[in-house]
Amino acid sequence: MAKINFFGVSRGRIEVICGPMFSGKTEELIHRLNRLDYCDAHYLLFTPKIDTRSPRYATSRNGKKLSSIIISNSNEILKYIKNKKEKIDVIAIDEAQFFDKNLSRVCNYLANKKYIVIASGLDMDFNGKPFSTMKELIITAEKVTKLKAICSICGAEASFTERTNINSKKQIVIGDKKIYSARCRQCHSLSKKMDFPK
Ligand SMILES: [Zn+2]
């Protein structure tokens, strides 16, 4: 097994992968974790219990799977690491927007303890409002990668998520292509609703 200087000089850090739905966030997370196979580093991958689409694996839309630990709240990450006998270098979190507001504190604590934390999640909801968990993470992250999808209307790069075929105003409704699509700014319904700023 090759042992490379994967961690550089400053080891602990937070990396965030964000963007709209269908932008390849989980693929990017899996890609970064797969690279660890080439060096002497070990990871744990956590996903929230609320995400019922993939109960035991983080699954990207191209079908790649990595086994993940399903947890109900962010403090469970700390408990899990404490009880783990093997050395862990990287803590990965998928669908981070679904976690409680304590996630940012947990991630910063871990980064301060020299873990590499990689969190992937939606930055905005269907109304263009930030998921507060992601907002907190992004401002304290060393590295933020904002991915783009393709607008389902015009084919331009898309940074927004549109909710269709459902009337709920709840911020979190679990779903896939049946109720969500990626949109560019101009094709998102918000661009027609927004008033002149006062
Ligand atoms: Zn568009």
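The values are calculated or read from the model by the stated rules, or taken from the named source; none is laboratory data. Since the structure is predicted, the reported quantities are computational estimates derived from the model, not experimental observations. Every residue, glycine as well, gets a Cβ built from its backbone with ideal geometry; the counts of neighbours run over all protein chains shown. For the accessible areas, the whole protein counts, side chains as well, though only heavy atoms, and no ligand, DNA or RNA atoms are used. Shrake-Rupley method; radii C 1.70, N 1.55, O 1.52, S 1.80 Å.
The table that follows gives values for the structure above.
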| quantity | calculated |
| --- | --- |
| Pairs, first away from the ligand (no atom under 13 Å from the Cβ) in segment 150-171, second part of a strand (DSSP E or B) and open to solvent by less than 30 Å² (accessible area, probe 1.4 Å), C-beta under 8 Å, six or more apart | Arg163/Tyr180; Thr164/Tyr180; Thr164/Ser181 |
| Residue selected from segment 86-112 under the condition at pLDDT below 95 and basic (Lys, Arg), by the criterion nearest to Asn73 (Cα to Cα) | Lys101 |
| Given (1) modelled with pLDDT of 95 or more; (2) within 16 Å of the ligand (Cβ to nearest atom), number of the condition Leu147 does not satisfy | (2) |
| Where a residue in segment 65-91 is touching a residue at least 60 places away in the same chain (Cβ under 8 Å) and its partner, wherever it lies, is open to solvent by 60 Å² or more (accessible area, probe 1.4 Å) and outside any loop (DSSP other than H, G, I, E, B), with Cβ under 9 Å and at least six apart | Asp89/Tyr43 |
| Hey, Pro197 over 17 Å from Phe98 (Cα atoms) and either surrounded by 15 or more Cβ atoms within 10 Å (Cβ to Cβ) or more than 20 Å from the chain's Cα centre (by Cα) (or both) or not | yes |
| Residue check for Ser168: among the hydroxyl-bearing types (Ser, Thr, Tyr) and more than 30 Å from Arg13 (Cα to Cα) | yes |
| Candidates Asp100, Asp195, filtered to the one that is in a loop (DSSP other than H, G, I, E, B) and farther than 30 Å from His42 by Cα | Asp195 |
| Unmet criterion (only one of (1) open to solvent by 40 Å² or more (accessible area, probe 1.4 Å); (2) modelled with pLDDT of 90 or more) for Thr47 | (1) |
